[in-house]
């Protein structure tokens, strides 16, 4: 996993499709941390069962001015309002992200307020 993280942070990879890889918390947290230092523009990360903890790590990276992400698919990842609120807050300062898919998660209307 360390080599993967190094590649994300130092490489020129602009698109990553890890849908359905079941990375769960540990794997998705590593990807999330790398987002603030990578040139990645598109991340397809649906169906990884990352849960709230990893989604919060991703939200923190989205706050970074060095995050280049424009497209993020986190659908079907067991994300609830706890992380949904953090993601929504991160979007207030992130001007690069143009698409965010949070469908098929445990989010209520409270998250969008």
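Some observations on this one:
- On Cα atoms only, tilt of 51-63 relative to the major axis of the chain in degrees: 70 degrees
- Percent of alpha-carbon pairs separated by more than 19 Å within the chain: 36 percent
- Compared with the dominant Cα axis of the chain, that is its longest principal axis, helix 81-93 is turned about 60°.
- Highest average first, the peptides 80-90, 48-58 ordered by how many other beta carbon atoms sit within 10 Å of their residues are 48-58, 80-90.
Throughout, read-outs are computed from the coordinates displayed, never taken from laboratory work. These numbers were taken from a predicted model, which means no experiment stands behind them. All Cβ positions, even for glycine, are placed from backbone atoms using ideal geometry, and neighbour counts span all protein chains on display.
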